[in-house]
Ligand code: F6P
């Protein structure tokens, strides 16, 4: 779909919203977008809990310089967020007890008009970008900003949040080396990433793991066990295994905590414990599992993520000023560019098996389970 453009957009008031799981850098985007908009004489309305702010005018707040002071380095989002479902679809039970789904997109568009917004900047991952594109299809001028710790968003070389998640995971792996070495144990670290292995691969290689298991490479149990045994035989009495939450064995299923339901996405997690138990059983080694979970999303963004977030926030405002909508700002080094939202949604960026980092892992002797 072609982007919506208008030659001389009259922008007076924009909305800002953050959607999906939180990621380090959200507040930096909010700050940069707000300051860039204020410099142009625009008003900035912050929507609480992403699109909920469109349904409830009370769920908004005006953002001025004071509201965004000192937040660049702070994790989370001052606007709140919503994840895991489709806020435009509401489940209602009628008088007869029959449940049905109501599409609220019309109410969202009406909310945009009631708030007297001229454009909306939405910061989020793939799910949020899909919802943002829906708004554009209904005539709302939107610009997306890519956020994800998973690095699975198409259209941008990287989104903000990923570098911080990799840094946290790498530091955790570094720290676990001490215990693994001291106790001659196998330490298994489960990291996030959904169906993509970017965090596991980057943190695993950087943290010098012995085994890295990715969703993109279904693994053979015996290859993993043999790597641990081989290290034992050569006198290296400990092993570090990094497992992406979406990794799965060639002969098994993905481990999930909750299956997808209408309106809720699948909740991954648990493969780390499974791998730990199977390694202990097969090798006789003592093994422990550490699930990093939401630690990877919390706290301060790295310097790289801060800068990227600030650049994205300012670029989003320049995009609004240029009258270019239904697009997402994206990193195409060294530039920040725009890509149509239609080209981003519904696609997933996974680790290419012939990528340089995968080749590097193999050259370092790291077992990828295949
Ligand atoms: O998409 C980011 C992410 O942290 C994934 O890595 C993870 O699978 C998921 O969100 C966790 O979601 P929640 O915070 O809803 O448990």
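The values are calculated or read from the model by the stated rules, or taken from the named source; none is laboratory data. These numbers come from a predicted model, not from an experiment. Cβ placement follows ideal geometry from the backbone for every residue including glycine, while neighbour counts extend to all protein chains displayed.
Against the list (1) part of a helix (DSSP H, G or I); (2) buried (at least 20 other Cβ atoms within 10 Å of the Cβ), the condition residue 106 fails is (2). Being touching a residue at least 60 places away in the same chain (Cβ under 8 Å), part of a helix (DSSP H, G or I), more than 11 Å from the ligand (Cβ to nearest atom) and surrounded by fewer than 24 Cβ atoms within 10 Å (Cβ to Cβ) is a property that holds for residue 163. For segment 187-207, indicate whether the set of residues that are part of a loop (DSSP other than H, G, I, E, B), away from the ligand (no atom under 15 Å from the Cβ), over 17 Å from residue 149 (Cα atoms) and out of contact with any helix residue (DSSP H, G or I) (no Cβ under 6 Å at 6 or more places or on another chain) is non-empty. Checked segment 187-207: no residue is part of a loop (DSSP other than H, G, I, E, B), away from the ligand (no atom under 15 Å from the Cβ), over 17 Å from residue 149 (Cα atoms) and out of contact with any helix residue (DSSP H, G or I) (no Cβ under 6 Å at 6 or more places or on another chain). Within segment 196-227, the residues that satisfy the criterion of being buried (at least 24 other Cβ atoms within 10 Å of the Cβ) and within 22 Å of residue 182 (Cα to Cα) are 203, 204, 209, 211, 212, 224. Scanning segment 234-272 for residues being within 16 Å of the ligand (Cβ to nearest atom), out of contact with any helix residue (DSSP H, G or I) (no Cβ under 9 Å at 6 or more places or on another chain) and not in a strand (DSSP E or B) gives a total of 7. Contact annotation: residue pairs with Cβ atoms under 7 Å, 6 or more positions apart or on different chains, pairing a residue in segment 180-204 that is within 19 Å of residue 230 (Cα to Cα) with a partner that is within 14 Å of the ligand (Cβ to nearest atom), are 188/243; 188/272. For segment 98-109, does any single residue satisfy the condition of being under 30 Å from residue 290 (Cα atoms) and touching a helix residue (DSSP H, G or I) at 6+ places or on another chain (Cβ under 6 Å)? For segment 98-109, residues under 30 Å from residue 290 (Cα atoms) and touching a helix residue (DSSP H, G or I) at 6+ places or on another chain (Cβ under 6 Å): absent. The set of residues from segment 149-159 being within 16 Å of the ligand (Cβ to nearest atom) and at positive phi comprises just one member, 151. A Cβ distance below 7 Å, combined with a sequence gap of six or more or placement on separate chains, defines the contacts here; from segment 21-45, residues that are under 19 Å from residue 164 (Cα atoms) and in a loop (DSSP other than H, G, I, E, B) reach residues that are at pLDDT below 95 and within 16 Å of the ligand (Cβ to nearest atom) in the pairs 21/83.
Hey, does segment 214-233 have a residue that's part of a strand (DSSP E or B), without any contact (Cβ under 8 Å) to a residue 12 or more places away in the chain and touching a strand residue (DSSP E or B) at 6+ places or on another chain (Cβ under 8 Å)? No, segment 214-233 contains no residue that is part of a strand (DSSP E or B), without any contact (Cβ under 8 Å) to a residue 12 or more places away in the chain and touching a strand residue (DSSP E or B) at 6+ places or on another chain (Cβ under 8 Å). Of the residues 140, 168, the single one that is at pLDDT 95 or above and outside any loop (DSSP other than H, G, I, E, B) is 168. Consider residue 283 carefully, then state whether it is loosely packed, with under 15 Cβ neighbours inside 10 Å, farther than 17 Å from residue 123 by Cα and in contact (Cβ under 8 Å) with a residue 60 or more places away in the chain. For residue 283, the condition - loosely packed, with under 15 Cβ neighbours inside 10 Å, farther than 17 Å from residue 123 by Cα and in contact (Cβ under 8 Å) with a residue 60 or more places away in the chain - is not met. Would you mind stating whether residue 135 is more than 16 Å from the ligand (Cβ to nearest atom), buried (at least 18 other Cβ atoms within 10 Å of the Cβ) and assigned to a strand (DSSP E or B)? The answer is no for residue 135.
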